[in-house]
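Chemist: Attaching a single structure in structure tokens format; questions to follow.
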Amino acid sequence: MTAPTADAETWTGQWVTDRLDLRLTGSPELPGLIGLALRQNPRRAHLLVSRVLGKHVPQRPVVVHGAGLDLGRKVAELLGAEQAGRAVVLGYAETATALGHSVADALGAPYLHSTRRPVAGIAPVGGFEEEHSHATSHLLLPEDPAFLAGDGPLVLVDDEFSTGRTVLNTIRALHADRPRAHYVVVALVDLRTDADREQLAKAAAELGARLDVVATASGGVDLPADALARAQALIAAAPAAPPADGPLAPLVRAALDWPADLPDGGRHGFTPAHRERLETVLPAAAGAIAAELAPGARRVLVLGFEELMYAPLRLAQALDGHLGGERVRFSTTTRSPVLAVDDPGYAIRTRLEFAAHDDPADASVDRFAYNVAPGADPGRRFDAIVLVVDAPADTPALHDGERALLPALRRVTDQVVLAVLPSYRAATPA
């Protein structure tokens, strides 16, 4: 069984190729999964923009969830029933939190994802660095310190596998305290070079562990030596993204009957029992959102919040089933700064910038929502946007001020519905 087909709307990637001579190589499935954009990062020129991840590009929720389920089925086939039943899944913040959770869904396995949000009362059981990222420190904060203590296979899930360094950092950090015989690395795309593959195989041999890789597609990025300098010059010359402009659309709250003791994701661990309970909660929660939508809302976006991807994804999927007609799309906000160019050959058409709103210490830091504003094409406009956040993110900085997210969203759509999930564990700034 394969994942459902993604939306027909795509981009060619020609904008980046024409200017940087940078192109994707490899399996024919690759262009259907990812495209290229310019990353505002001094260490890396490009961003691989996934069509099926639900991060930068709005997508049908059944496609996003299905991409992870499909990978999870491949892992189950690799492991066999006995070992799959002993597996634990670990996903990477922020982009792969829902992907990892979907892989765990297919396996029926416990799930944990890394986080960049410190939480009072929960001591980290580990951490690692993501070397090319704009925000590198990952924390592992399971509520149960023994969550990763088993000796079954550990399945590590990321959206892309570019060099293997992040995975290698993770495995070394965890193996030092909790050695395992088997690791499985899972990604939508595997873009490693032969040298990267050799390095990872050598590291696994040194640890005395088996390491398998499962990916939907494989290939590489043909990257000229001067690509970073040329990308930085293009970014420096680009005009600033225009602020959201227009009248303020109505804002309503949806009262979700979400149990306070049901986790909204895998930040502190998500068990098979949690999964079973979630399925009973989703229909009514989606119904509460549907009840607040204006009758004329034909094109609806459910927008998640950074690491909070899985619960908004599943709400979007349930809402789509409630409304019928494949009217719902799903994406999330992000910390990642990317150049926006309103061109059909470019992945990031529009960009909304707003202030961080879940940590007062970060109030001056920019966050982003891509491809949410319609840009020059009115056909891309959403009739309604459903913003899903957790309680620590429902702050005055979300609602008020020139750099607040909610006013920006209200200027690019006809209605905004705010859905707030109770915090399973309240965040406290470090």
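Chemist: For each of Val57, Val157, count neighbouring Cβ atoms within 10 Å of the residue's Cβ, then give the residues from fewest to most.
Modeler: Least crowded to most crowded, the residues run Val57, Val157.
Chemist: While we're looking at this one, here's another question. Which residues among region 309-341 fall inside the zone where the amide N is under 20 Å from a point 7 Å beyond the Cα of Arg253, along Cα→Cβ?
Modeler: 312
Chemist: So what J values fall out for region 276-285 if you push phi through Karplus, 6.51 cos²θ - 1.76 cosθ + 1.60 with θ = phi - 60°, rounded to Hz, Gly and Pro as x?
Modeler: Once θ is set to phi - 60°, the couplings for region 276-285 become 4, 5, 4, 4, 7, 8, 4, x, 5, 5 Hz.
Chemist: With +1 on each Lys and Arg Cβ and -1 on each Asp and Glu Cβ, how big is the dipole of region 25-154 about its Cα centre, in debye rounded to the nearest 20? Kindly include the intermediate steps, with their values, before the conclusion.
Modeler: Working: 11 positive and 12 negative charges, 115 e Å.
That gives a dipole near 560 debye.
Chemist: Further, regarding this structure: Once you have a ≥ b ≥ c as the square roots of the Cα gyration tensor eigenvalues for region 61-222, tell me rounded if a/c is under 1.5, and otherwise prolate or oblate according to whether a/b is larger than b/c. List each step's numbers first, then the result.
Modeler: On the way: a/c = 1.18, a/b = 1.10, b/c = 1.07.
Because its axes are fairly even, with a/c under 1.5, region 61-222 counts as rounded.
Chemist: Could you tell me which residue out of Leu228, Leu303, Thr97 lies farthest along the dipole of the chain toward its positive end? Charges go on the beta carbon: Lys and Arg +1, Asp and Glu -1, centred on the Cα centre.
Modeler: Leu228
Chemist: Counting each DSSP H run of 4 or more residues in the chain as -39500 (n - 2.57), what helix-only mean residue ellipticity at 222 nm follows after dividing by all residues, to the nearest 500 deg cm²/dmol? Display every interim value, and only then the final one.
Modeler: On the way: 12 runs with 128 residues, N = 430.
It comes out at -9000 deg cm²/dmol, rounded to the nearest 500.
Chemist: Follow-up question, since we're still on this one. Among the DSSP beta bridges whose two residues both lie in region 61-222, what percent are antiparallel, rounded to the nearest 5? Let's see the in-between values first.
Modeler: Values: 5 of 27 bridges.
Antiparallel: roughly 20 percent of the beta bridges in region 61-222.
Chemist: Quick one: dipole size for region 17-75, taken about the Cα centre, charges +1 on Lys/Arg Cβ and -1 on Asp/Glu Cβ, in debye to the nearest 20.
Modeler: The dipole of region 17-75 has a size of about 200 debye.
Chemist: In what sequence do His138, His175 fall when counting other Cβ within 10 Å, fewest first? Intermediate results must be reported in sequence, preceding the final value.
Modeler: Working: His138 23, His175 18.
Least crowded to most crowded, the residues run His175, His138.
Chemist: Show me the ranking of peptides 400-408, 382-390, 117-125 by mean Cβ neighbours inside 10 Å, starting with the highest.
Modeler: Numbers: 400-408: 17.8, 382-390: 24.8, 117-125: 15.3.
Going by the mean number of other Cβ atoms within 10 Å, highest first, we get 382-390, 400-408, 117-125.
Chemist: With +1 on each Lys and Arg Cβ and -1 on each Asp and Glu Cβ, how big is the dipole of region 61-222 about its Cα centre, in debye rounded to the nearest 20? Write out the running numbers ahead of the final one.
Modeler: Numbers: 13 positive and 22 negative charges, 61 e Å.
Charge dipole, region 61-222, about its Cα centre: 300 debye, nearest 20.
Chemist: I've got another one for you. What whole number of Å gives the distance from the Cα centroid of region 149-172 to the Cα centroid of region 323-357?
Modeler: 28
Chemist: Now a separate question. Which of Thr332, Thr395, Thr115 ends up with the largest GNM mean-square fluctuation for the chain, with Cα atoms connected below 10 Å?
Modeler: Fluctuation is largest for Thr395.
Chemist: Also, quick follow-up: Considering only region 295-430, what is the antiparallel percent among its DSSP beta bridges, to the nearest 5?
Modeler: On the way: 7 of 22 bridges.
Once the DSSP bridges in region 295-430 are tallied, antiparallel ones form about 30 percent.
Chemist: Just to confirm my numbers, what's the Cα centroid distance between region 393-420 and region 90-116 in Å?
Modeler: 27
Chemist: Moving on to the next point. By the gyration tensor of its Cα atoms, with a ≥ b ≥ c the square roots of the eigenvalues, what is the shape of region 251-421: rounded for a/c under 1.5, prolate for a/b over b/c, or oblate? Please list the in-between numbers first.
Modeler: Details: a/c = 1.66, a/b = 1.23, b/c = 1.35.
Oblate is the answer for region 251-421, as a/c is 1.5 or above yet b/c matches or exceeds a/b.
Chemist: Still on this structure, please answer the following. Only Cα pairs under 8 Å and at least 6 apart count here; give the relative contact order of the chain as a rounded whole percent. Don't skip to the answer; put the middle values down first.
Modeler: Details: 969 pairs, mean separation 84.4, N = 430.
Dividing the mean separation by the residue count of the chain yields 20 percent.
Chemist: Can you compute the modelled spin-label distance between Leu262 and Glu82, with each label point 7 Å from Cα toward Cβ, in nm?
Modeler: Spacing of the two 7 Å Cα→Cβ label points: 3.6 nm.
Chemist: Sticking with this structure for a sec: Say the dipole of the chain comes from +1 at the beta carbon of Lys and Arg and -1 at that of Asp and Glu; which of Val185, Ala237, Gly287 then lies farthest toward its positive end?
Modeler: Ala237
Chemist: Considering only Asp261, Asp70, Asp194, give the residue with the highest GNM mean-square fluctuation for the chain, with springs between Cα atoms whenever their separation is below 10 Å.
Modeler: Asp194
Only the coordinates and a few stated rules stand behind these numbers; no lab work does. Keep in mind that what you see is a predicted model, and the values were worked out from it rather than measured. Note that we place each Cβ from the backbone using ideal geometry, even for glycine, and neighbour counts take in every protein chain shown.
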